[in-house]
């Protein structure tokens, strides 16, 4: 009997510890609320919605991207292909379209570049025209991140993809070149994102128009 009592005495603290641990566990309602929050976060991210942390991270990446490539654009002068853009935008509107008549590239970039040059040409020919491409590159990082997030709602894969995109030699080159190539990358991303949205909600006429516009740009 004493042995039995002694055994029970040894088990009593263990039982009390187990009760304390169970008491500290979240209740069923808390588990349900946590599951709902995780499901909602997953749903928003799968739709491309950005969390606060994503937004702050993209802002930091954008500022670094802007600073590096704005500085890099001041190191060299315009070269042959960029000179074509410069000679197009310094003409009046009629002269520009006549100049572009035999060119194979769509005119939308040159229209944007001329408007930008009229507003920001005071920064210098190379800096102002290349800055437009840098800003298109920053916009592309945001759009591509949203696109990557739709394919990977959890984890760091979208961040790895967008950082690699920012550091890729081709996109880095286009970010400081006064040509339409960076806008083509942006148009591809927007068209892809619009297509995914259209497949999920085919009633959206705006998405169809956006998809058509981007497709026309990249043709």
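Each reported figure results from applying straightforward, stated rules to the coordinates on display, with no laboratory input. All of these numbers come straight from a predicted model, not from anything done at the bench. Note that each Cβ is placed from the backbone with ideal geometry, even for glycine, and that neighbours are counted across all protein chains shown.
Overview of values
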quantity: Added length on full extension, which subtracts the Cα-Cα distance from 0.36 nm per residue, residue 92 to residue 49; calculated: 11.3 nm
quantity: As computed over the range 58-172, the Cα convex hull volume per residue (Å³); calculated: 120
quantity: Ascending count of other beta-carbon atoms within 10 Å, so fewest first, for 108, 186; calculated: 108, 186
quantity: Neighbour-count order for 163, 60, fewest beta carbons within 10 angstrom listed first; calculated: 60, 163
quantity: Taking the C-alpha atoms of the range 115-170, convex hull volume expressed per residue in Å³; calculated: 87
quantity: Contour excess over end-to-end distance, with Cα ends at residue 63 and residue 170 and 0.36 nm allotted per residue; calculated: 36.6 nm
